[in-house]
Amino acid sequence: MSSTRPEAVARGARWRQAAHPDVPAALFGTVVGLAVCLPFLGGGRLFLLDWVPGPNQPLLGSAGRGLSGLTTGVPSQVLFGLVDHALGSVGSWLPLLLYFPVAAVAIGRLTGGSTVARLAAASLYLVNPFVFNRVFAGHLALLVGDALMPLAIRSAIDATRRTGVQRLAPALWWAVLTAFSPHFAWIYGAAVVAVAVTQRPWRWRALGWVLVVTAAFAVTTLYVLLPHAVTPLPVTVGRSSLDIFRTTGDPHFGLLVNVLGMYGFWRLGPGPRLPKSVVTGWPLLLAAILLVVVLGARAAWRGGPGPGRLPGGVVAPEAPGESDRRRRLVPVLVVVGVLAFLLALGDQGPTGALFRWAYFHVPFFQVMREPQKFVGLLTLSYAVLFGWGVEALAGSGAERERRRPPARRLAGGVVAGLLGVALPLAYTPTLPDGLAGQVTSSTIPASWTRANQAMGSGQGAVLFLPWHLYLAFPFTGGRVIANPAPTWFSRPVISGDNLEAGGLETDSSSLRSAYLASLYARGPGIGDFGALIAPLGVRYVVLAQTVDWMSYGWLSHQRDLRLVDAGAGIEVWENEAYDGLGARLAALPAPGATAG
């Protein structure tokens, strides 16, 4: 018995050494993803604030054709659309589920070292207030970009030591991230600058590298820049946008602590209930996390952790050059974190004036009207340093490992592992179980399906009312989401694009929307609404019984609208004045004109 036990331990150690280091991270990320997405797996569709995938969402909408002035995000739109078309309702939540293992593996690769360090880094990178808010908001394209960001930063660091065309690899990453969300044009740009300025010894060659990579990135994103230069954006971006989307401070601890705590998302309601609302003394937990972060930076700067320790007290040799790699990475992470923190403050804080100047004078910088998106970079810096700090607490240095008894080595590893997982979970306890039950899957009523069948498909558009960009529906349990009609009905849909936030009714630049809003304002005095909207190509008018739908009672008094379907919670009117798309374009009255 005693003779076989050492052999079994040796075999186990060899297997663990042979196993790919990504496997534990992928498994951990999958577990976290399942814990978050568990309420969505039973059926229905996942609808979030800005995430409303339906069975008829266009793979290439007006943005993809360059008609909205901003074509970035089209690749992710096509990708998500293909997944939904192939998998149905499963495709509505699968991208969120896959985010977690992908992000766990990516941050683990940037962290390196032992499994303890990788899992601790993944724990904080996946479970934090930034991810909580972005899941609730449905910013899945942004999350996917953040999941890939550690790999992109690693590519930038490696590129500085390469020659030839390999030095341009970060430009490809830059283009891929920007394809998911335009904000990565600046988010990853900040990371590239941080890599350049922390080169040792610093040379002017680093500045040249940044310029060349930026130029290569600009070439790969001409499909974004050219339409933006000649076509107006669908929204008016100016001072009001800067005010509405400003990073918020905590009512008790202010702006700086709020951003350090990975909070600050501009939208305060309705919903969600933030993790800090249920965690008493959350700044103390934040202080504990930051203490481990500082410990990790110190340990890495002083030479790294030494050999990694495998479960059971088996000491694995340190990877060649691991200490040197970490020592080079520490200043990059520190500069990335500082830049991300300052940029996330937006036009507030010590660099607020510079941010405000860039917002109004630097081309394309206005896409960062919501600066809190930079917090994703701050979280990345925290996560890697946190992983190293937890590893240091595990006592995995070579000399300490040799001096400590096996039982104490194992106990230290267990304590460090629990700390690495328990501390982020205690700080953000409401992420699992669909954000603590605040988000569930939704089932569109059968009346919507019947209405879609009654209208069929074709060029004639559907005008969807009430006229709001965001609405609360009974099938979402009263939770506010973006209007799902454009992705649900087979016909093209004209729906509200009015932001209705921060005292601003709308930031839309659409003349069509302005015209329609003027018609709604004088609706009770109109008798031929169908004729007035026919030049817009509207064949059907759909009224959902939600929010202020009763204010559209004047629809029933229109002589050219005929009720063709009235199901539970929805009405469908056919426009008898419709005679083809654009057939009466010359008859379009000016906004505010008297109906004939």
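Sort 180-193, 492-505 by the packing proxy (mean of other Cβ within 10 Å over each peptide's residues), most packed first.
180-193, 492-505
With every protein chain present, what accessible area does D560 have (1.4 Å probe, heavy atoms only), rounded to the nearest 10 Å²?
Here the residue's solvent-accessible area equals roughly 20 Å².
Give me a comma-separated list of calculated 3J(HN,Hα) values for the range 387-392, in order, Karplus coefficients 6.51, -1.76, 1.60 applied at θ = phi - 60°, integers in Hz, x for any Gly or Pro.
With the stated coefficients, the range 387-392 comes to x, 5, x, 5, 4, 5 Hz.
Stretched out fully, how many nm does the piece from A472 to T214 gain, at 0.36 nm a residue minus the Cα gap?
Gain on stretching A472 to T214: 88.6 nm.
Taking R0 as 35 Å, what FRET efficiency do you get between R239 and V547 from their Cβ-Cβ distance, rounded to the nearest 0.05?
Result of the calculation: an efficiency of 0.75.
Measure off 7 Å from each Cα along the Cα-to-Cβ vector at A35 and L256, then give the distance between these two points in nanometres to one decimal.
Between A35 and L256, the simple spin-label model gives 3.3 nm.
Taking H as built 1.01 Å from N, whose amide H comes closer than 5 Å to the amide H of F473, not counting residues under 5 places away?
Placed amide hydrogens put G478, R479, I481 under 5 Å from F473.
Using 0.36 nm per residue, how much length does the chain from V414 to Q459 gain when fully extended, once their Cα-Cα distance is taken away?
Gain in length upon complete extension: 9.9 nm.
Out of residues 5 or more away from V538 or on other chains, whose amide H comes under 5 Å of its own, with H placed 1.01 Å from N in the peptide plane?
Here the answer is A461, since their amide H atoms fall under 5 Å of that of V538.
Any chance you could run the full-extension gain for V197 through L354? It's 0.36 nm times the residue separation minus the Cα-Cα distance, nm to one decimal.
Working it through step by step, the gained length comes to 54.6 nm.
What's the ranking of 464-476, 34-46 by average number of surrounding C-beta atoms within 10 Å, highest first?
In decreasing order of mean packing, 464-476, 34-46 become 464-476, 34-46.
Give me the distance in nm between label points sitting 7 Å out from Cα along the Cα-to-Cβ direction at Y223 and A521, one decimal.
Here the answer is 4.0 nm between the modelled labels.
If you take the square roots of the eigenvalues of the alpha-carbon gyration tensor of the range 434-514 and sort them as a ≥ b ≥ c, do you get rounded (a/c under 1.5), prolate (a/b over b/c) or oblate?
Because a/c hits 1.5 or more and a/b fails to exceed b/c, the range 434-514 counts as oblate.
Extending each Cα 7 Å along its Cβ direction at S556 and V165, get the distance between those two points in nm, one decimal.
6.9 nm
Take the alpha carbon atoms of the range 438-501, find their center, do the same for the range 553-581, and report the distance between the two centers in whole angstrom.
16 Å
The values are calculated or read from the model by the stated rules, or taken from the named source; none is laboratory data. Only a predicted model underlies this, so the values are computations on that prediction, with no experimental measurement involved. Note that each Cβ is placed from the backbone with ideal geometry, even for glycine, and that neighbours are counted across all protein chains shown. For the accessible areas, the whole protein counts, side chains as well, though only heavy atoms, and no ligand, DNA or RNA atoms are used. Shrake-Rupley method; radii C 1.70, N 1.55, O 1.52, S 1.80 Å.
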